[in-house]
Amino acid sequence: MIQEYDVREKMASAIKREISIPNFARWIMSNSWNMHRDSSKSAIDLVSEIHALLAERDDFSLDDDAFLRELLTLDKALDVTVVNFADAPRMVYSFRYSEPFVLVPVRA
């Protein structure tokens with residue numbers, strides 16, 4: 001499982017050059033190999049876009065500066081949307097009160 005929050009933290013570290021691009025790539029690859037099994041759609045979408053950027057960097061289509069600019073654009077483009085839970089669909093359960101069930105012995 002990979003969390004979108006963790007990915008965004010690593011992206012910020014790479015953009016600020018607190019970690020190297022190869023270390024960022026290693027972290028993404030090692031933490032996302034099974035993401036399709038149990039990660040959120042937003043995390044999968046974000047990591048998939050990063051994988052595409054890393055592939056372009058590996059093909060020398062992007063140099064390090066261009067990669068970081070694209071990463072910054074990606075960070076802004078896939079911004080988090082806040083949902084008001086009051087408007088979100090939810091399951092509603094309803095229970096009716098009824099008189100307690102009483103067993104009455106019957107004599108044969």
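Residues of the range 23-73 being farther than 16 Å from residue 11 by Cβ and aromatic (Phe, Trp, Tyr), which ones?
Within the range 23-73, 33, 60 meet the criteria.
Just checking, how many residues over the range 15-44 are surrounded by fewer than 13 Cβ atoms within 10 Å (Cβ to Cβ) and of a type outside the set (S, T, N, Q)?
Adding up the residues that qualify gives 10.
Are there any pairs, at least 6 apart or on different chains, whose C-beta atoms fall under 9 Å, with the first in the range 48-69 and touching a residue at least 60 places away in the same chain (Cβ under 8 Å) and within 22 Å of residue 31 (Cα to Cα) and the second basic (Lys, Arg) and assigned to a helix (DSSP H, G or I), and if so, which?
none
State all residues of the range 1-14 that are surrounded by fewer than 16 Cβ atoms within 10 Å (Cβ to Cβ) and not in a loop (DSSP other than H, G, I, E, B); if no residue qualifies, say none.
Of everything in the range 1-14, those that are surrounded by fewer than 16 Cβ atoms within 10 Å (Cβ to Cβ) and not in a loop (DSSP other than H, G, I, E, B) turn out to be 5, 6, 9, 12, 13.
Computed from the coordinates by the stated procedures, all read-outs in this text should not be read as laboratory data. These figures come from a predicted structure and were not determined experimentally. Cβ coordinates were reconstructed from backbone atoms using ideal geometry, including for glycine residues, and neighbour counts include every protein chain displayed.
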